[in-house]
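Colleague: Mind having a look at this structure? Questions to follow.
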Amino acid sequence: VIWNGYIEAHGFDGGSGIGSGRRFVSGGDNTPPIVISGGTVIATGRLYHKSGGWGADIGRGLNAWAGSVTITGGSVLPSRMNVNPAPLDADGSRVWCVTVTNIAPYAAVTLTGITTFSGYGTNDLFADGDGKVCLWLPDGHYDFTLNCGCGDLHYTATVAGANTFAKL
């Protein structure tokens, strides 16, 4: 369970950034869930040098099991947008990445408006090195305000079964 902080995680040799390693065979359906409810998480799965296969950024390593992935808050930035199994919210609805741009790199971010939706966790949000955050939301229309020390920026986003970008 991740609920705050700034975390960068990198898999090794076919392993996921956060989740299982390559060829983790014990556990099966009993593999623990991955739950992210706040903070800033940057995860990168890695290439297995012998087969050329990749581990997911979050979830399953190459040829491995992984528990469910639940995202109910935070800025979660999978390097290749590879989350497997598909991420869900606390209600079991599929969530998608809403990328928010035009932020100073590594700036601390406060978010208002989104928290009214099912208590989306906003502890320890930071932009990545490219000046973006990634919120994971189910299908719907969203209006929210982001502040990163440069004044309020008002965004809208519509999620319709795919990753999308928020608009200023």
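The values are calculated or read from the model by the stated rules, or taken from the named source; none is laboratory data. Please read these numbers as outputs of a predicted model, since none were measured by experiment. Here the Cβ positions follow ideal geometry from the backbone for every residue, glycine too, while neighbour counts run over all protein chains shown. Remember, those area values only see protein heavy atoms, side chains included, never the ligands or the DNA or RNA. Shrake-Rupley method; radii C 1.70, N 1.55, O 1.52, S 1.80 Å.
Colleague: At 1.4 Å probe size, with no ligands or nucleic acids counted, give the accessible surface of THR112 in Å², nearest ten.
Modeller: 80
Colleague: Set the Förster radius R0 to 22 Å, insert the Cβ-Cβ distance between ASP13 and ASP139 as r into 1/(1 + (r/R0)^6), and round the FRET efficiency to 0.05.
Modeller: 0.05
Colleague: Next question. Along the Cα-to-C-beta direction of ASP91, a point sits 7 Å from the Cα; which residues of segment 119-135 have their amide N less than 15 Å from that point?
Modeller: 119-121
Colleague: If I take every Cα pair under 8 Å that is 6 or more residues apart in the chain, average their sequence separation and divide by the length, what percent do I get for the relative contact order?
Modeller: 20
Colleague: Divide, for segment 82-168, the radius of gyration over alpha carbons by 2.2 N^0.38 Å, where N is the residue count.
Modeller: After normalising by residue count via 2.2 N^0.38 Å, the value is 1.04.
Colleague: For GLY131, enumerate residues with amide H under 5 Å from its amide H, sequence gap 5+ or separate chain, H modeled in the peptide plane.
Modeller: So GLY131 has HN proximity to TYR106.
Colleague: Further, regarding this structure: Out of all DSSP beta bridges with both ends in segment 36-95, state the antiparallel percent to the nearest 5.
Modeller: Taking every DSSP beta bridge within segment 36-95, about 20 percent pair in antiparallel fashion.
Colleague: Over the chain, consider all pairs of different Cα atoms and compute the Kirkwood hydrodynamic radius from their mean reciprocal separation; express it in Å, one decimal.
Modeller: 15.9
Colleague: Further question: For segment 4-111, run through the chymotrypsin sites (Phe, Trp or Tyr not before Pro) and keep only the ones in DSSP coil with at most 16 other Cβ atoms within 10 Å of their Cβ.
Modeller: Answer in residue order: PHE12, TYR106.
Colleague: Let me ask another. Round to a whole number: what % of the accessible area of the chain belongs to carbon and sulfur, probe 1.4 Å?
Modeller: The value for the chain is 53 percent carbon and sulfur by accessible area.
Colleague: Loop sites only, by DSSP: take the trypsin sites (Lys or Arg not before Pro) in the chain that have at most 15 other C-beta atoms within 10 Å and name the longest stretch containing none of them.
Modeller: 81-168
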